[in-house]
Amino acid sequence: MKMTISAVVMIVLVSGSVYAGLISHYEFQGGFQNSVAGGGDGTAKSGATTICIDPNDTPYPQISPTICRANLTGSKWVHVGYPGILYNLQSTQQLTIAAWIKSTKLTYSQLWGLRYEWRMYMENGKPGLGLSSNSTLSLVGSRAVADGLWHHVAATYNGTTGEAKLYIDGQIDASLTQTSPLVSISSTLRAAIAGIASSSTAAASIYDGYMDDLRTYDEVLSAAQVQELYEFTSEPFCLNNLTMDFSGNCSVNFADLIPFAEKWVSEVYLADFAMLGKEWNNCGYLNVDDCD
């Protein structure tokens, strides 16, 4: 019997912020623009681009947490420059960074930041948060995520309490308390995605992977809010609209048989049985021998 397997994507339902305090949001929907007013649009370097379908994704063409994502593999990175809105962090003393990432790189690399002043990075395949102001703060996660799969990573810092927290896939992974106020941010420092920019054309510690839905807040999201953000940006969305997909798994298979039977018994629609067979066989005939 021939079965239809539909592509499954993960899509952010609406543009913008779930919470207040969002100062930068890179959705990578056809470019590197900051969807939050105030500047901070990125410029692609070394061939950085946004893509919507990667035929190398297996087992099925899962796309990413949104329909498109940033291809930052190899030496690709994005220069953001001197967006003034990022310097507001030194007045709020609050910070949250969140993103979806997919990589296999184990050596040190920078995901996003203002050089070394504040940054989210990867070290030994684990995400980390770093601050380098009056004193240096470095918080590295306990769980490796450089496994070639999509993971949601988030980091928060509260300059008032000194609390720093790191989250992986919506769950807290590591924390520490250390005073490292964001007071030394210089307007001459360059922000960059997937690298540490020394100029508009040169960067070190390149990330080498894919990235999606990169957010920066000048507020500290709570653990519940980080969990909600993770769930909010991983809402399943099916590329094909299958009428008989009762289970919601973006395909018509045995998982739909029981809910279909319940619906059929309660409503007694023989026409639905023909439609189920059509979508299941992907040929339009209940007789399997008629399928191509």
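Amide H to amide H, which residues 5 or more places from A48 or on other chains are under 5 Å from it, using H placed in the peptide plane?
For A48, whose amide H was placed from the backbone, the distant partners under 5 Å are W77.
Which net charge results for the neighbourhood of D208, defined as the other residues with beta-carbon distances under 12 angstrom from its beta-carbon, given Lys and Arg at +1 and Asp and Glu at -1?
+3
Readers should treat all values here as calculations from the given coordinates under stated rules, not as data from a laboratory. This is a predicted model, so every value here is computed, not measured. Using ideal geometry, Cβ is built from the backbone for each residue, glycine included, and neighbour counts are taken over all protein chains shown.
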